[in-house]
Amino acid sequence: MERNATRDLRLLLFVLIINVGNVFSLTKRHGLTEVRPALLALVLVMVAFVAWSMITQLRIVRRMQQEVGAVYLQLKSQIQRVRQLMQLRRYAGGLFLLGLITIILYSQRNRFWSTELEGIDWRSVALAILVIAALGVMVWIGEYKQQQRYGRHLDQLEAALRELEA
């Protein structure tokens, strides 16, 4: 688990650079410079949250390895904290998608709220829906990968603790 958490933390800088570059590229290409600060702030807040959660998870995993006192209770509480952190990430991913949808709708408010539907660029609308759907799938895949990397180890540890309890 520690190896996975450390590897995830190393990839975070690469993710930050790519996301900031994507924000600048996409806003420049599609003429969305008006909402660039909001998009950039949203991405930076999300990356900061992910960094905080990864560092916290690494600390919890390291603490699980070093505990010697009341090991049973300590491990049980640490497992619960890791699971809560994983659930918090899920909620943050949903909040990120909601913020992205809000920013896109705000940037295109004149087109969407006009009474003439003929002036709407339907390709842009379809592209925005496709991007949001792709981000939703990426959040789901990330959650699945997270469960693969950490969930089975936590399940095995909980099973071992239940055996000790019995």
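The values are calculated or read from the model by the stated rules, or taken from the named source; none is laboratory data. What you see is a predicted model, and the numbers here were worked out from it, not measured in a lab. All Cβ positions, glycine included, derive from the backbone under ideal geometry; neighbour counts span all protein chains shown. Accessible surface is based on the protein model in full, side chains and every heavy atom, while ligands, DNA and RNA are left aside. Shrake-Rupley method; radii C 1.70, N 1.55, O 1.52, S 1.80 Å.
Each Lys or Arg adds one and each Asp or Glu takes one away; over the other residues whose Cβ falls under 13 Å from the Cβ of TYR144, this sums to +4. The modelled label-to-label distance for the pair HIS30/ARG62, using points 7 Å beyond Cα in the direction of Cβ, is 4.0 nm.
Comparing segment 19-61 with the 2.2 N^0.38 Å rule of thumb, its C-alpha radius of gyration ratio is 1.51 (two decimals). Using Cβ point charges alone (K and R +1, D and E -1), the dipole size of segment 15-72 about the Cα centre works out to roughly 100 debye. Computed about its Cα centre, the charge dipole of the chain is approximately 400 debye, with only Lys, Arg, Asp and Glu carrying charge at their Cβ. Protein-only accessible surface at a 1.4 angstrom probe places the residues VAL23, VAL15 in the order VAL15, VAL23, largest first.
On the protein heavy atoms, probe 1.4 angstrom, tell me the percent of accessible surface of segment 37-106 carried by carbon and sulfur. Summing carbon and sulfur atoms, their accessible area is 69 percent of the total for segment 37-106. When the residues ILE17, ILE55 are ordered by accessible surface, computed with a 1.4 Å probe over the protein chains alone, the sequence from largest down reads ILE17, ILE55. With the convex hull of its Cα atoms as the shape, the chain has an orientation-averaged projected area of 11.4 nm².
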